[in-house]
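One structure is given below, encoded as structure tokens.
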Amino acid sequence: MRILVIGSGGREDALVRALVRQEHNQVDVAPGNPGMARFAQLHSVDPLDGQAVADLARQLESDLVVIGPEAPLVAGVADQVRQAGIACFGPSAAAAQLEGSKQFAKQVMQAAGIATAQAIPTTTVEQAAATLDQFGPPYVVKDDGLAAGKGVVVTDNRDLAVDHASSVVRSGRVVLIEEYLDGPEVSLFCISDGHSVLPLAPAQDFKRALDNDLGPNTGGMGAYSPLPWAPDGLTAQVVAEVALPAINQMAARGTPFVGVLYCGLALTSKGPKVIEFNVRFGDPEVQAVLARLETPLDQVLMAAATGRLGDLGPLEFSNQSAICVVVAAQGYPVDPLKGTPIRGIEAAERVPGVAVLQAGTRVAPDGQLVSAGGRVLNVVALGADLTQARERAYQAVALIDLPGSHHRTDIALKAATTA
């Protein structure tokens, strides 16, 4: 099968590596990054240009297009690929509003009877401040639109909450003030062909920049899977109470959802509640989840894209544990330093069970690999359990030379020590 993957980050590197496990696949990436060039052919195409993506897929005679990031999905790139007669894994622009507008997602959840946090949309700073006082701390402030994983502030500091609300309002967008959901967070990816749902293994990510969940919010500093502490039957419960009702509601609206529905959940004292929906694989959770996936990914994505997901049985996963540790550039997430040389990837990948995925990299004119984004590398390790996976991941991280970089040292630590 010839597969075109759209995107350039660590998520797409993970997708490419999973797809090339089946040797019969030929994988192309647009635009990709240097790490993916080891496994796939790179093409210089703007991922937001739906016509250019469709033209490239036609030129390559792609059997399947897989769209990684949320921005092209919200922009309607999947629609243009399908109009060109090519199978596409990723929702239409209309269905992608589940991530493109948090207000829309709340409306769908309400109509489908899905448990979620109470949320009040506001359009002025005064409204936002009054609503913050109504809910009380911890304060949850969300940008209604896309914000590259950084549109949410959760804080006990009212001034910080008001500042974030003010910045969203000044940009001309709606801000949502939500009630805080207590309990551990879980990410569950649910593949859908518009009517059927197949869940992947649950994962947990770490959003704060620093150990012990301190520091500013980020796009994600690490993740692990499986979750030894998760309640029995959690995945089946989320599919029945969250994913299927959402998919059925989207179909009833005439906008069937084809792709992956990311269910961000809080396991509250009253049961699982949805924090947010995303319409693509979460980054960095999918790096850990796909490391454990044994069912061929190409079969899963093609079945979803062609309405045949019901033909597949439950997805199979390794009994091993996987951890992903993000190595971030100096200054991330506020002002990441770019152009810093990166060395030691080859040494890191000699650690058993380790793969170093590239997320924010480029090749400098002199041929040196350098940083080109905030989250630069994803160090993914498999182990017999979380303790071994952690040991391997951090052994590999120590071999990487990225001056000024930082990473969290506590990814999966609590889960490993209490398992």
Task: Listed residue (Ser167, Ser62, Ala96) projecting farthest to the positive dipole end of the chain, Cβ model - done: Ser62
Open item on the list: If I stretch the segment between Asp55 and Ala384 completely, what's the gain in nm (0.36 nm per residue apart, minus their alpha carbon distance), one decimal?
Closed with: 114.0 nm
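Could you pull out the pairs from Lys102/Lys338; Lys106/Lys414; Lys270/Lys414; Lys273/Lys414; Lys106/Lys338; Lys102/Lys207 whose alpha carbons sit more than 28 Å apart here? Mind dumping the intermediate values first?
Details: Lys102/Lys338 32 Å; Lys106/Lys414 32 Å; Lys270/Lys414 23 Å; Lys273/Lys414 22 Å; Lys106/Lys338 37 Å; Lys102/Lys207 19 Å.
The answer is Lys102/Lys338; Lys106/Lys414; Lys106/Lys338.
Taking the Cα centre of the chain as origin, sum charge times position over the Cβ atoms of Lys and Arg (+1) and Asp and Glu (-1), and report the length of that vector in debye to the nearest 20.
Values: 31 positive and 44 negative charges, 28 e Å.
Here the chain has a charge dipole of around 140 debye.
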Open item on the list: Suppose a student asked you for the relative contact order of segment 235-374, using Cα pairs under 8 Å spaced at least 6 residues apart; what percent would you report?
Closed with: 15
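Compare the peptides 175-188, 209-222 by average per-residue count of other Cβ atoms within 10 angstrom and give them in order, highest first.
Numbers: 175-188: 20.1, 209-222: 18.1.
Averaged packing, sorted descending, gives the order 175-188, 209-222.
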TODO: Using R₀ = 30 Å, calculate the FRET efficiency as 1/(1 + (r/R₀)^6) where r is the Cβ-Cβ separation of Ser171 and Gln237; round to 0.05.
DONE: 0.20
Task: Residue among Asp143, Asp133, Asp46 with the largest mean-square fluctuation in a Gaussian network model of the chain, springs linking Cα atoms under 10 Å - done: Asp133
TODO: Grab every C-alpha pair in segment 2-92, bin the distances at 5 angstrom width from 0 up to the longest one, and report whole percents.
DONE: 3, 17, 31, 26, 17, 6, 0
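Take every Cα-Cα pair in the chain and report what % of them are more than 40 Å apart. Please report the intermediate quantities before stating the final value.
Details: 9864 of 87571 pairs.
Distances greater than 40 Å cover 11 percent of the Cα pairs.
Multiplying the sequence separation of Glu185 and Gln118 by 0.36 nm and subtracting their Cα-Cα distance, what value in nm do you get? Display every interim value, and only then the final one.
Numbers: separation 67, 0.36 × 67 = 24.12 nm, distance 1.71 nm.
Here the segment from Glu185 to Gln118 would lengthen by 22.4 nm.
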- [ ] Pick out, from Pro137, Thr155, Thr123, the residue whose Cα sits farthest towards the positive end of the charge dipole of segment 118-178, with +1 on the Cβ of Lys and Arg and -1 on the Cβ of Asp and Glu.
- [x] Thr123
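Go ahead and estimate [θ] at 222 nm for the chain from helices alone: -39,500 (n - 2.57) per DSSP H run with n ≥ 4, summed, over the residue count, rounded to 500. Show your work: numbers first, answer last.
On the way: 15 runs with 127 residues, N = 419.
After summing the helix terms and dividing by residue count, I get -8500 deg cm²/dmol.
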Open item on the list: Taking 60 Å as R0, compute the FRET efficiency from the Cβ-Cβ separation of Gln103 and Arg350 and round it to 0.05.
Closed with: 0.80
Open item on the list: Can you compute the charge dipole magnitude of segment 185-311 about its Cα centre, using +1 on each Lys and Arg Cβ and -1 on each Asp and Glu Cβ, nothing else charged? Give it in debye, rounded to the nearest 20.
Closed with: 300
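Any read-out appearing in this document is the output of simple, stated calculations on the displayed coordinates, not a laboratory observation. Model, not experiment: these values are computed from the prediction. FYI the Cβ positions are ideal-geometry reconstructions off the backbone, even for glycines, and counts take in every protein chain you see.
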